[in-house]
1. Please work out if residue 246 is within 23 Å of residue 70 (Cα to Cα), outside any loop (DSSP other than H, G, I, E, B) and free of Cβ contacts under 8 Å to residues at least 40 places away in the same chain.
2. Residue 93 is checked against (1) closer than 30 Å to residue 198 by Cβ; (2) out of contact with any strand residue (DSSP E or B) (no Cβ under 9 Å at 6 or more places or on another chain); (3) at pLDDT 95 or above and fails just one. What number does that condition carry?
3. Those residues that are closer than 21 Å to residue 254 by Cβ, surrounded by fewer than 22 Cβ atoms within 10 Å (Cβ to Cβ) and in contact with a helix residue (DSSP H, G or I) (Cβ under 8 Å, 6 or more places away or on another chain), I need them from the stretch 83-113; list them, please.
4. Here's a check for you: in the stretch 216-243, which residue that is buried (at least 17 other Cβ atoms within 10 Å of the Cβ) and without any contact (Cβ under 8 Å) to a residue 60 or more places away in the chain is farthest from residue 34 (Cα to Cα)?
5. Kindly indicate whether residue 72 is more than 21 Å from residue 194 (Cβ to Cβ) and surrounded by 13 or more Cβ atoms within 10 Å (Cβ to Cβ).
6. In the set 263, 251, which member is touching a helix residue (DSSP H, G or I) at 6+ places or on another chain (Cβ under 6 Å), in contact (Cβ under 8 Å) with a residue 12 or more places away in the chain, within 18 Å of residue 102 (Cα to Cα) and in a helix (DSSP H, G or I)?
7. For the stretch 142-210, which strands (runs of 3 or more DSSP E) that fit wholly inside it have 3 or more residues that are at pLDDT 95 or above and closer than 20 Å to residue 238 by Cα?
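The values are calculated or read from the model by the stated rules, or taken from the named source; none is laboratory data. Being a predicted model, the structure only gives us computed values, none of them experimental. Here Cβ is always computed from backbone atoms with ideal geometry, including for glycine, and neighbour counts include all displayed protein chains.
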């Protein structure tokens, strides 16, 4: 009797062990399909919104439409990709006011995630985006690009960012300078650019925490989508009134600490 029970248990264990590789392969295949499906959805939605984005390209004074169309694009992208999202504003953001939004950057999902921004804004992003057919044309005309390996390009980007603020626009600037960290969710050191222009133009900075994208779409050799909820947290704006360029490090450290603490709190809850 005991021998029969032992054999039954052993058979169950062997069966479970044999099913693990199949389950892993099955999940990997589903995630790969989901990833290619998501790329297809992104492309189709871009083609849908591209004619609409030609409006602010042709009529630059209609720049507010960039944020409106980006919001629609982002919402539809996450809905059709079965990725629920949650937006949390720690204070009321005045849609008639200008801000510089500074989010952490660990995943390619961060860009469409910032499209959910309730305040209309344009992006400051890497110049490599210009190389993407059709998308690059739109990005170059509506947003600000920078070649981070060129000092001249960095200087020009600061000038263009300042000019955009003078025109009444809000900006999204990833202060790490791209997806730099090799150990997400640990932040890389912040660059000065966003904080310099914020002080020069006396524009408040809104720290933004995106805590879960690095798990949903890791910045790995093979970028594969995983199930999860997109979370976007807008912290209370950090005012720059009265600050001078001597306060850059203080401002930078303040924003860094706010995002770092939120990332740590999210990791502790996982």
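1. On the way: within 23 Å of residue 70 (Cα to Cα): no; outside any loop (DSSP other than H, G, I, E, B): yes; free of Cβ contacts under 8 Å to residues at least 40 places away in the same chain: yes.
Answer is no for this residue.
2. Every listed condition holds for residue 93 apart from (2).
3. Listed by number, the list holds a single entry, 98.
4. 243
5. On the way: more than 21 Å from residue 194 (Cβ to Cβ): yes; surrounded by 13 or more Cβ atoms within 10 Å (Cβ to Cβ): yes.
Judged against the criteria, residue 72 is a match.
6. None of the other options fit; the residue is 251.
7. 171-173, 205-209
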